[in-house]
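A short worksheet on the structure shown next.
The values are calculated or read from the model by the stated rules, or taken from the named source; none is laboratory data. Given the structure is predicted, the values throughout are model-derived calculations rather than measurements. Positions of Cβ are backbone-derived with ideal geometry, glycine not excepted, and every protein chain shown enters the neighbour counts. With ligands, DNA and RNA removed, areas are computed over all heavy atoms of the protein, side chains included. Shrake-Rupley method; radii C 1.70, N 1.55, O 1.52, S 1.80 Å.
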Amino acid sequence: GSSHAKGIVTEKVGIEAKQPNSAIRKSARVQLIKNGKKVTAFVPRDGCLNFVEENDEVLVAGFGRSGHAKGDIPGVRFKIVKVAGVGLWALFKAVSYTHLTLPTKRIV
């Protein structure tokens, strides 16, 4: 098989972490284009679920555990890498840069 697959986001879901952790891990249900299968994919990083909308085309990759779930997220074996052809990391960095705008000196 291939390392990545494209899919369409069908819904955004929150998955509760396994014990002893307590959190809602932000994920999305994705229908793969190549075979029509529906998988749950994790959306990494803080606030990145805001970039993912329903009916978006996303690029999904494995979690690097060859078909096993990672950490405290039960049953989630994939992660979202790109949204509409743009990397999630790039979107995340662009947002963090906008928060870091320094005040400009005003010459009076």
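Couple of notes before you dig in:
- Matching strands (runs of 3 or more DSSP E) fully within the range 20-65 where at least 2 residues are open to solvent by 70 Å² or more (accessible area, probe 1.4 Å) and closer than 13 Å to Val76 by Cβ: 24-32
- Selection status of Lys37, at pLDDT 95 or above and out of contact with any Pro (no Cβ under 8 Å at 6 or more places or on another chain): yes
- For the range 1-17, a tally of residues being of a type outside the set (Asp, Glu), loosely packed, with under 14 Cβ neighbours inside 10 Å and more than 18 Å from Lys37 (Cβ to Cβ) returns 1.
- Consider the range 74-108 and keep the residues that are modelled with pLDDT of 90 or more, outside any loop (DSSP other than H, G, I, E, B) and β-branched (Val, Ile, Thr). The one that is surrounded by the fewest Cβ atoms within 10 Å (Cβ to Cβ) is Val86.
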